[in-house]
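One structure is given below, encoded as structure tokens.
The values are calculated or read from the model by the stated rules, or taken from the named source; none is laboratory data. A quick note: this is a predicted structure, and the numbers were derived from the prediction, not measured. Because the Cβ atoms are built from the backbone with ideal geometry, glycine has one as well, and the counts that use them run over all protein chains shown.
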Amino acid sequence: MQPEPPYAHGTPSRIGVLLINLGTPEAPTPAAVRTYLREFLSDPRVVEIPRILWWPILHLFVLATRPKASAQRYAQVWMSEGAPLKVHTERQVTLLRGHLGERAKSLPLTVDYAMRYGKPSIPDKLRELKAQRCDRILLVPLYPQFSASATATAFDAAFRWIQDLRNQPALRTVRSFHDHAGYIAAVAQNVRDYWMKNARPDALLMSFHGVPRATLDKGDPYHCECQKTGRLLAEALGLKQAQYRVTFQSRFGRAEWLKPYTADVLAELGKKKTGRVDVVCPGFVSDCLETLEEIAIEGKAIFLNAGGREFHAIPCLNERNDWINALTDIVVGNLVGWSDTATHETLEMSRLRAHQLGAKI
């Protein structure tokens, strides 16, 4: 078992709030991308192929060819502060700390973030929270829609870590927030604000990250939650069925993935000489490689090259105040019952009793 951090009787406990995102390479270089992809694609929840079949493909082909091309893609969107996903996540944590400081003043909260793949890792951050006397920890994956390959694997990492502890903290999880009223309202207002400045398109694509079709057949709720998010967003925007499409991006390999594919729909609309297409990505709360490069660059090229006239990629929620308000609501709602009523006097009495029973610290 892992060694327990130093403990002193009479010290107050805290509540940890850990935001979790997918992760990113440390740099837009082939070596850094290879390290990241090795960890990401070795996860059996991400690639559900028997290891005996997948291991040679991963090491002999994918990791030998993909890192160079992926590094070039990352380089196109890399920010001065680092990878966009990491930069936006760090900013969201800072803002959430401030909002929780106003909304949950009575709770002794420590707010931080971790990445499922890469750094800072989930075990490392959980270890830090435990060392700071957090005996209750709320895990908040920043994936609006639940999927086994994203949300569940983040929980797996936390549950594996806790298995090796002697003194385990209480863990709570935010499963998803695909239909949370505040989240839907923030996405809808984000789109409205963009249209106020840039007018409305002829068609709106709601593009979600794709997963293999087989996962739906096996019971993964991701597809259904994406469809519900799309329906609620369309209702909030007052869109008719013919004015929007729900699509899926980021295919990998030859197997069938959730359809319709974003790239195929963009090509189809381009061939129809559609005047303008806007794409919003309600499955991402932060701009990242999948939104900034795959949609804003590759998607635009597909649409325009097929004959379309004008393409717009609507930014993600990032640091919007209404989104941070919604995130605060989600966190506060999941902290119900975790109040801390310990006073200085009760803590001091606890310390004295422990010393009377022989405790040295």
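Numerical summary
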read-out: Failed item in (1) within 23 Å of Glu128 (Cα to Cα); (2) outside any loop (DSSP other than H, G, I, E, B); (3) among the aliphatic types (A, V, I, L, M), with Leu58 passing the rest; value: (1)
read-out: Residue in the range 251-300 that is farthest from Gly82 (Cα to Cα), counting only those that are of a type in the set (Val, Ile, Thr) and part of a helix (DSSP H, G or I); value: Val265
read-out: Wholly within the range 152-250, strands (runs of 3 or more DSSP E) carrying at least 3 residues that are at negative phi and touching a residue at least 40 places away in the same chain (Cβ under 8 Å); value: 203-209, 244-249
read-out: Residue within the range 250-272 that is within 19 Å of the chain's Cα centre (by Cα) and either among the basic types (Lys, Arg) or modelled with pLDDT of 95 or more (or both) present; value: yes
read-out: Counted residues, the range 179-205 - those being crowded, with 20+ Cβ neighbours inside 10 Å and under 17 Å from the mean Cα position of the chain (by Cα); value: 4
read-out: Some residue of the range 301-319 being loosely packed, with under 15 Cβ neighbours inside 10 Å and in a helix (DSSP H, G or I); value: yes
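Residue by residue, here is whether (1) over 25 Å from Arg136 (Cα atoms); (2) not in a helix (DSSP H, G or I) holds:
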{"site": "Ala8", "(1), (2)": "no, yes"}
{"site": "Ile15", "(1), (2)": "no, yes"}
{"site": "Ala31", "(1), (2)": "yes, no"}
{"site": "Leu63", "(1), (2)": "yes, no"}
{"site": "Ala71", "(1), (2)": "yes, no"}
{"site": "Leu96", "(1), (2)": "no, no"}
{"site": "Glu102", "(1), (2)": "no, no"}
{"site": "Lys105", "(1), (2)": "no, yes"}
